[in-house]
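Enquirer: I am attaching a structure below and will ask some questions about it afterwards.
The values are calculated or read from the model by the stated rules, or taken from the named source; none is laboratory data. Remember, predicted model here, so these are calculated numbers, not experimental data. All Cβ positions, even for glycine, are placed from backbone atoms using ideal geometry, and neighbour counts span all protein chains on display. Ligands, DNA and RNA are excluded from the accessible area calculation, which covers all protein heavy atoms including side chains. Shrake-Rupley method; radii C 1.70, N 1.55, O 1.52, S 1.80 Å.
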Amino acid sequence: MKAVRIHTYGGQEVLTVEDAPMPEIGERDLLVRVVASAINPVDWKIRAGYLKDMLPYQFPIILGWDVSGVVEAVGSGVTKFKPGDAIYSRPNILRNGSYAEFIAIDENEAAFKPKTISHACAASLPLAGITAWDVLIKTANIQAGQRVLIHAGSGGVGSLAIQLAKAHGAHVVATTSGKNIPLVKSLGADQLVDYRSQQFDHVVHEMDVVFDTIGGEVQEKSWASLKAGGILVSIVSPPSAELAAAHSARAGFVFIQPDAEVLAQLAALVDAGKMRPIIAAEFALEDIVKAHALSESGRADGKIVLYVGKP
Ligand SMILES: NC(=O)c1ccc[n+]([C@@H]2O[C@H](COP(=O)([O-])OP(=O)(O)OC[C@H]3O[C@@H](n4cnc5c(N)ncnc54)[C@H](OP(=O)(O)O)[C@@H]3O)[C@@H](O)[C@H]2O)c1
């Protein structure tokens, strides 16, 4: 099958489009024909070797842990899906990923694809959507009427997080650069802060929840925007417990895991018209270098889709 593999850690030049063996499926696995994959920053962080101590891999690696496609075959113990089903998934990051014509996925990591959107759109939902859910629903337990600050409202995670918070009745403040104000407004944000012309910590206060998608200085300044008893949840680096205590607040950190139940709930929100993934750009599998370059630029507005095969 055609795949993009890396045989060593490195820059974009290590991304190699080549023939790779078909994945072998285990008892509980689905063999999925990939229609679309999506790029996430973790892809190029793994490619560059930044996560090699945390995630042990054997080369060659197929990157890409978002997928939407069609079940081609199932293992003998599979009960939930059958060949022909359209599924989507954020599969186990320690197995080969979805920059390929086929992928093997544990059936417990897959859910039926949302019916009202294309495979390209569905592929852009799992990783960022589960992350947003884990932060806002599972960790911060947001409630209707609460005030939530979401950093990088135009990013892959932020653009979904805004919609999820609004669907739960929260008041949403989002940071963005001026060029993305119309996009972020269209997602439902109640208040926007152009981070290039305003210091968000000077104008945003008394938040119940801050969702940190940036880390570093942005995370440090975010304590000033929280109210006492509020929670700062990061997906970039664990916030300091000492600073949390000093601000009478709480700190949380999320590292996404596969979650088919959350995927089913996200699909229901999408099919009810309450959420829509934003696509920044679509690339063919062969254009993987351009796709990584856009993600690494840090400027993508929404998700970057990798189109692999016919629906
Ligand atoms: N822990 C986990 O489980 C987990 C899961 C998913 C993602 N992550 C991490 O979370 C981070 C965000 O992921 P992502 O997929 O959302 O990234 P992304 O889509 O690549 O983010 C790009 C967006 O960030 C905006 N941005 C950049 N700097 C900003 C700033 N200082 N303030 C506000 N907006 C800013 C850009 O908008 P402008 O062009 O307008 O600046 C752009 O739209 C990454 O580091 C990723 O690795 C972690």
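Enquirer: Can you give the local net charge around Pro83? Use residues other than it whose beta-carbon is closer than 12 angstrom to its beta-carbon, Lys and Arg +1, Asp and Glu -1.
Expert: Overall, the nearby charge balance is 0.
Enquirer: Check Arg90: other-chain or 5+ apart residues with amide H under 5 Å from its amide H, H built from backbone geometry?
Expert: Asp259
Enquirer: Sticking with this structure for a sec: How big is the dipole moment of the chain about its Cα centre under a simple scheme where the beta carbon of each Lys and Arg is +1, that of each Asp and Glu is -1, and everything else is neutral? Debye, nearest 20, please.
Expert: 620 debye
Enquirer: Just read off the accessible area of Thr139 with the full protein assembly in place, 1.4 Å probe, to the nearest 10 Å².
Expert: Per-residue accessible area (Thr139): approximately 50 Å².
Enquirer: For region 105-119, just list the computed ³J(HN,Hα) in residue order, Karplus coefficients 6.51, -1.76 and 1.60, θ = phi - 60°, integers in Hz, with x standing in for Gly and Pro.
Expert: 9, 4, 4, 6, 9, 10, 9, 5, 5, x, 7, 8, 10, 6, 4
Enquirer: Follow-up question, since we're still on this one. So if I restrict to the alpha-carbon atoms in region 128-253, what is the Rg, and what is Dmax, the biggest pairwise distance, in Å?
Expert: 12.8, 38
Enquirer: Another question, if that's okay. In µm²/s, what is D for the chain at 20 °C and 1.002 mPa s, where D = kT/(6 pi eta Rh) by Stokes-Einstein and Rh is the Kirkwood radius from Cα pairs?
Expert: It comes out at roughly 109 µm²/s.
Enquirer: How much accessible area per residue does region 128-253 have, in Å², with a 1.4 Å probe?
Expert: I get 39 Å² per residue for region 128-253.
Enquirer: Give me the lysines in straight-line cross-link reach of Lys80: C-alpha distance below 18 Å, same-chain residues under 8 apart excluded.
Expert: List returned: Lys113, Lys115.
Enquirer: Is region 194-311 best put as rounded, prolate or oblate by its Cα gyration tensor, with a ≥ b ≥ c the root eigenvalues, rounded for a/c under 1.5, and otherwise prolate when a/b is larger than b/c, oblate when not?
Expert: Because a/c hits 1.5 or more and a/b exceeds b/c, region 194-311 counts as prolate.
Enquirer: What are the residues whose amide H is under 5 Å from the amide H of Phe283, where those residues sit 5 or more places off or on another chain and H is modelled from the backbone?
Expert: When sequence neighbours closer than 5 places are left aside, the close amide H contacts are Val305, Leu306, Tyr307.
Enquirer: To continue, here is another question. Taking every pair of distinct Cα atoms and averaging 1/r, then inverting, what Kirkwood hydrodynamic radius in Å comes out for region 246-309?
Expert: Its Kirkwood hydrodynamic radius stands at 14.9 Å.
Enquirer: Right, here's the next one. Place the peptides 39-45, 159-165, 123-129 in order of packing, highest mean first, counting for every residue the other Cβ atoms within 10 Å and averaging per peptide.
Expert: 123-129, 159-165, 39-45
Enquirer: Just to confirm the number: angle between the C-alpha axis of helix 288-297 and the first principal axis of the chain, 0 to 90 degrees, nearest 10?
Expert: Roughly 10 degrees, rounded to the nearest 10.
Enquirer: For region 1-134, what value does the Rg/Rh ratio take when both radii are computed over Cα atoms and Rh is the Kirkwood radius, given to two decimals?
Expert: 0.96
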